[in-house]
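> Before anything else, here's the structure in question.
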Amino acid sequence: MISLRGKIALAVVLSGFVRLAGSHFLCDMVLAQSADAYPATPDGVWQGTATSNGQQVPLRLEISGTGDQVQAALINGKEKSPASSGKYSDGHLVLHFNYFANTIDATLKDGVLTGAFGSHSRSIPIAATLNAKSAAFDPNPPHIAGGWEIAVKGPKGESAWELHIRQSGPEIDAVIQRIDGDTGNLYGTWRDGQFAVSHFTAAGPSYAVLRPQTDGTLKVTTFSRSGSQELTARRPKAARAEGLNKPDDPLQHTRLKDPAQPLAFSGKDLNGKLVASTDPDFKGKVVILSIGGSWCPNCHDEAPFLEELYSKYHASGLDVVELSFEEEDQMANPERLRAFIQRYGITYPVLLAGTPDQLSEKLPEVDGLNCWPTTFFIGRDGLVKNIHTGYSGPANSSGNSALRRKVDALVNRLLSASESARVGE
């Protein structure tokens, strides 16, 4: 027989075992929930949206790896914008896109990736899920492929932009060409009486809406941090019939005040060495001088072509110089510019010239200098032979091919000392 005191002691012991077992059970439950909430790896293709300028911009992000070995890329059609580096631990994902000084900082929990994309100057909320399906398109899309002109009163003196559209059934790939360059590829589908076109790259999101009208025009609505803008696009023939101006000629937008005088430029390379147009190294050389900045997507498009020209013709007497205008924090520590140089394997001199608001101050001899990039072609006599405003990137495939052919021919003529050479000839 167990005494009353013994029964009480036994009950206490058994109660302790029950509590201990229960605590292990609860702990196992918490661990299981934690494992479900924070998966060991974020591998997969995440699809969702970013909230930018009041619009829901589609976002597609491909991720693999874990810990300090995460690789990722923003996907737009066949294009990929790779992350420079990535980390993932306990549901916390950080992706750096150093060449645009942007970062994705997000949490992965219960199958949902939420966080923000941006830099010190902006933050764009994002949300995505794994292998999410895109919304279905509507049947019977109108045919809008081909070339259009968008009438504008642009802040840079433009009166029209070009709009190029490729179409495959309900899917389109559009690009707007402005005087300073193109928007990059904008992808969209036919839904709810419109084509909403967009991309989300390492530079950030871009979004527009195209609505076909019964009179054969397109209503084009663009969105930016300053608000939305509603414009009208017409076929070029219809625009001429209405007496509307053509898009600006990129060879006429920017001019020298005195073409008989050399263009003076200077800046410091990333080692702090001052480089100037009067340096003996440039005497008797053909020089391509590009005005840009590592924040500028069109300058990213132009850089590989400049490097190609430099590699091809440097031994024959061509020099390429970029004057880079960066924000104050980048002037003090140009990390983004270094990443820009590394990404494109740039071997020509890149000089820190000032901040973007100092452009006219640094190059006072130039009229109409308000676009990034702007490229000057200087002959062996030190005089500017040609100025090309903006850049038609790969998204504008026909414009890019034509520009590359003309510039290559111009460089050849300048190297041969044919001083009358012009890009348009």
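> Just the residues that are farther than 25 Å from Gly181 by Cβ and surrounded by 14 or more Cβ atoms within 10 Å (Cβ to Cβ), please, taken from the range 244-264. Steps first, answer last, please.
The first filter runs over the range 244-264 and keeps only residues farther than 25 Å from Gly181 by Cβ, leaving 258, 260-262, 264.
Across the range 244-264, the qualifying residue is only Pro262.
> Go through the range 74-84 and give me each residue that's β-branched (Val, Ile, Thr) and either surrounded by fewer than 17 Cβ atoms within 10 Å (Cβ to Cβ) or over 16 Å from Phe200 (Cβ atoms) (or both).
Within the range 74-84, no residue meets the criteria.
> Residues of the range 59-84 being more than 16 Å from Arg343 (Cβ to Cβ), assigned to a strand (DSSP E or B) and touching a strand residue (DSSP E or B) at 6+ places or on another chain (Cβ under 6 Å), which ones? Show your work before the answer.
From the range 59-84, those more than 16 Å from Arg343 (Cβ to Cβ) are 59-70, 75-78; that's our starting set.
Retained after the next criterion (residues that are assigned to a strand (DSSP E or B)): 59-64, 67, 75-76.
Answer for the range 59-84, where residues must be more than 16 Å from Arg343 (Cβ to Cβ), assigned to a strand (DSSP E or B) and touching a strand residue (DSSP E or B) at 6+ places or on another chain (Cβ under 6 Å): Leu59, Arg60, Leu61, Glu62, Ile63, Ser64, Ile75, Asn76.
> Here's a follow-up. With the requirement that a residue be within 25 Å of Gln194 (Cα to Cα) and of a type in the set (Gly, Ala, Ser), what does the range 93-138 give you?
The answer is Ala127, Ala128, Ala132, Ser134, Ala135, Ala136.
> Quickly run through the range 229-258 and pick out the residues that are touching a strand residue (DSSP E or B) at 6+ places or on another chain (Cβ under 7 Å) and within 27 Å of Asp367 (Cα to Cα).
Leu244, Asn245, Lys246, Pro247, Pro250, Leu251, His253, Thr254, Arg255, Leu256, Lys257, listed by residue number.
> Could you tell me which numbered condition Arg380 fails, if it satisfies all but one of (1) more than 27 Å from Ala260 (Cβ to Cβ); (2) of a type outside the set (Phe, Trp, Tyr); (3) more than 20 Å from the chain's Cα centre (by Cα)?
All conditions are met except number (1).
> Taking Gly193 and the conditions (1) touching a Gly at 6+ places or on another chain (Cβ under 8 Å); (2) surrounded by fewer than 20 Cβ atoms within 10 Å (Cβ to Cβ); (3) at pLDDT 95 or above, which numbered condition does it fall short on, given that it satisfies the others?
(1)
> Confirm whether Gly204 is of a type in the set (Gly, Ala, Ser) and open to solvent by less than 30 Å² (accessible area, probe 1.4 Å).
So Gly204 passes the test.
> From the list Ile124, Ile144, Ile176, exactly one residue is open to solvent by less than 40 Å² (accessible area, probe 1.4 Å), at pLDDT 95 or above, more than 30 Å from Ser89 (Cβ to Cβ) and in contact with a Phe, Trp or Tyr (Cβ under 6 Å, 6 or more places away or on another chain). Which is it? Reasoning before the result, please.
Values: Ile124 fails: more than 30 Å from Ser89 (Cβ to Cβ); Ile144 fails: in contact with a Phe, Trp or Tyr (Cβ under 6 Å, 6 or more places away or on another chain).
Checking each option against the conditions leaves just Ile176.
> Run Asp258 past the list (1) within 26 Å of Gln330 (Cα to Cα); (2) at pLDDT 95 or above; (3) not basic (Lys, Arg) and report the number of the one that doesn't hold.
Answer for Asp258: the failing condition is (1).
> Please state which one of Val350, Val320 is crowded, with 18+ Cβ neighbours inside 10 Å, touching an Asp or Glu at 6+ places or on another chain (Cβ under 6 Å) and farther than 13 Å from Phe100 by Cβ.
Numbers: Val320 fails: touching an Asp or Glu at 6+ places or on another chain (Cβ under 6 Å).
Only one candidate qualifies: Val350.
> Could you check the range 265-307 and list, in sequence order, the residues that are hydrophobic (A, V, I, L, M, F, W, C), closer than 19 Å to Pro373 by Cα and open to solvent by 50 Å² or more (accessible area, probe 1.4 Å)?
Residue satisfying the conditions is Trp295 alone.
> Quick one: count up the residues across the range 146-170 that are in contact with a His (Cβ under 9 Å, 6 or more places away or on another chain) and in a strand (DSSP E or B).
4
> Same structure again: Output the residues belonging to the range 85-121 that are outside any strand (DSSP E or B) and open to solvent by 60 Å² or more (accessible area, probe 1.4 Å).
First pass over the range 85-121, keeping only residues outside any strand (DSSP E or B): 90-91, 98-101, 110-111, 120-121.
If the condition is that a residue be outside any strand (DSSP E or B) and open to solvent by 60 Å² or more (accessible area, probe 1.4 Å), then Asp90, Asn98, Asp110, His120, Ser121 are the ones that fit.
The values are calculated or read from the model by the stated rules, or taken from the named source; none is laboratory data. As the structure is a prediction and not an experimental result, all values here were calculated from the model. Ideal geometry is used to build each Cβ from the backbone, glycine not excepted, and the neighbour counts take in all protein chains shown. What goes into the accessible areas is simple: the full protein's heavy atoms, side chains included, and nothing from ligands, DNA or RNA. Shrake-Rupley method; radii C 1.70, N 1.55, O 1.52, S 1.80 Å.
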